[in-house]
1. For segment 38-51: of the residues being touching a Gly at 6+ places or on another chain (Cβ under 9 Å) and closer than 16 Å to Ala22 by Cβ, which is modelled with the lowest pLDDT?
2. Being open to solvent by less than 70 Å² (accessible area, probe 1.4 Å), assigned to a helix (DSSP H, G or I), in contact (Cβ under 8 Å) with a residue 12 or more places away in the chain and over 21 Å from Ala81 (Cβ atoms) is the requirement here; does Ile61 meet it?
3. Look through Pro30, Pro71 and report the one residue that is modelled with pLDDT of 95 or more and surrounded by fewer than 14 Cβ atoms within 10 Å (Cβ to Cβ).
Amino acid sequence: MITAGQMRAARALLGIDQRQLAELAGVSLPTIQRMEASDGVVRGVIDTLMKVIEALDRAGISLIGDGADSPAGGRGVRLKAASPSGRQ
């Protein structure tokens, strides 16, 4: 679905803070804070997760999953796979 890192990166690309994302998604600020504080994939109520993902989509964010291509182009960022030594 979405990782905490993707949420933080999406907010950075949009130039918004957690409160603004909460307002766009129609969820509470503590909900966004909890989501972003999690490790890896965000877990929670599916309806709430979908509200956040849809709000990011409306704002112009495309989420890219592991190993997925980005054929539509546009600017973005992606983490490289960690090397065996653990360095990027």
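1. Selected residue: Ser38.
2. It is false that Ile61 is open to solvent by less than 70 Å² (accessible area, probe 1.4 Å), assigned to a helix (DSSP H, G or I), in contact (Cβ under 8 Å) with a residue 12 or more places away in the chain and over 21 Å from Ala81 (Cβ atoms).
3. Criteria check complete, one pass: Pro30.
The values are calculated or read from the model by the stated rules, or taken from the named source; none is laboratory data. These numbers were taken from a predicted model, which means no experiment stands behind them. Backbone-built Cβ (ideal geometry, glycine too); neighbour counts: all protein chains shown. Accessible surface is based on the protein model in full, side chains and every heavy atom, while ligands, DNA and RNA are left aside. Shrake-Rupley method; radii C 1.70, N 1.55, O 1.52, S 1.80 Å.
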